[in-house]
Amino acid sequence: MNLRGALAILTNELARFFRTAFGSILSPVLTTSLYLVVFGAAIGSRMDPAQFGGSSYGAFIIPGLIMLTLLSESTSNASFGIYMPRFTGAIYELLSAPVGVAETLIGFVGAAAAKSLIIAAIILGTATLFVDYEIAHPFYAVGYIVLVAAAFSLFGFILGIWADGFEKLQIVPMLILMPLTFLGGTFYSIDMLAEPWRTVAQFNPIFYLINGLRWTFTGTSDVPIALAFGLTLAFVGLCVAVVAFIFRTGWRLRD
């Protein structure tokens with residue numbers, strides 16, 4: 001493995017993030033703060049903690065807000081990171097360089113995941129200013145957050161290769177991921193839904209991701225935790241297989 005090549009790609013992508021760090025960090029932190037103020041403080045004071053496994057409503061929505069940020073930031077960072085070399089033509093220099101699939105993924109996907117983890121950590125710290133919460137399983141929480149960030153950075157990488165214009169880069173995050181996240185239990189428990197919506201919600205894949213992270217924070221979940229972790233690992237495996245196919249065939253890279 002060409003570690004120097006992987007490190008060069010990783011360093012370049014992280015440098016781009018830090019050049020615009022103020023804007024990149026301010027927007028998600030401000031949005032999360034508004035959610036915590038409006039939902040956690042204003043609405044949460046009227047919620048019965050018994051509906052949320054004994055946790056306050058503010059503490060209940062923190063995992064969902066972190067997941068909302070992780071999905072959007074990981075996907076956007078990775079898709080933009082690989083799309084720009086394609087847009088400018090620099091992708092041909094990458095393809096002719098002595099770097100393989102592993103080095104490329106470490107560089108682009110690793111940088112996108114690192115950016116998302118930095119923002120998630122800042123949001124988690126910001127939440128302490130508004131809500132009193134505890135993390136029931138901190139080791140699993142860190143591991144699961146890293147796993148989700150890697151999974152959707154891989155997904156964003158695929159999206160950046162598929163897109164043939166800036167508009168397509170926004171279609172999936174804005175029109176698919178964000179609605180699914182809001183409908184996946186970010187602000188409510190599935191037990192609060194009446195049928196048939198309770199059954200419909202269980203077909204939403206983001207619902208399982210949110211509940212997996214919520215279990216690491218509160219110790220409670222609407223679904224078996226093994227199912228949530230298993231689906232996340234399966235998604236990672238699927239994305240890796242798609243990326244391997246792309247590099248093996250040159251789809252959208254050499255066109």
Roughly how far apart, in whole Å, are the Cα centres of the stretch 36-61 and the stretch 198-238? 21
Against the longest principal axis of the chain, how steep is helix 205-218, in degrees 0 to 90 to the nearest 10, with axes from Cα atoms? 60
The helix 3-19 Cα axis meets the longest alpha-carbon principal axis of the chain at an angle in degrees, between 0 and 90 and rounded to 10, of 60
Considering only 226, 10, 110, whose Cα is most displaced toward the positive end of the charge dipole of the stretch 3-249, charges sitting on Cβ of Lys, Arg (+1) and Asp, Glu (-1)? 10
What are the chymotrypsin sites (Phe, Trp or Tyr not before Pro) within the stretch 210-255 that DSSP puts in a loop, where the Cβ has at most 13 other Cβ atoms within 10 Å? 251
Please give the calculated 222 nm ellipticity per residue for the chain, where each DSSP H segment of at least 4 residues contributes -39500 (n - 2.57) and the sum is spread over every residue; nearest 500 deg cm²/dmol? -23000 deg cm²/dmol
Whole-Hz ³J(HN,Hα) from phi, Karplus 6.51 cos²θ - 1.76 cosθ + 1.60, for the stretch 240-245, glycine and proline x: 4, 5, 5, 5, 4, 4
Below 8 Å between Cα atoms, with a sequence gap of 6+, how large is the relative contact order for the stretch 23-115 in percent? 25
Cα-based Rg of the chain normalised by 2.2 N^0.38 Å, two decimals: 1.05
Provide the gained length on full extension for the span residue 51 to residue 164, in nm with one decimal, where the gain is 0.36 nm per separating residue minus the Cα-Cα distance. 36.1 nm
In nm, the gap between the two label points placed 7 Å beyond Cα toward Cβ at residue 26 and residue 102 is 4.2
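Taken together, the values in this text are just the output of simple stated rules run on the coordinates, not laboratory data. The structure displayed is predicted, hence computed values, not measured ones. With ideal geometry, Cβ positions are generated from the backbone for all residues, glycine too; neighbour counts draw on all protein chains shown.
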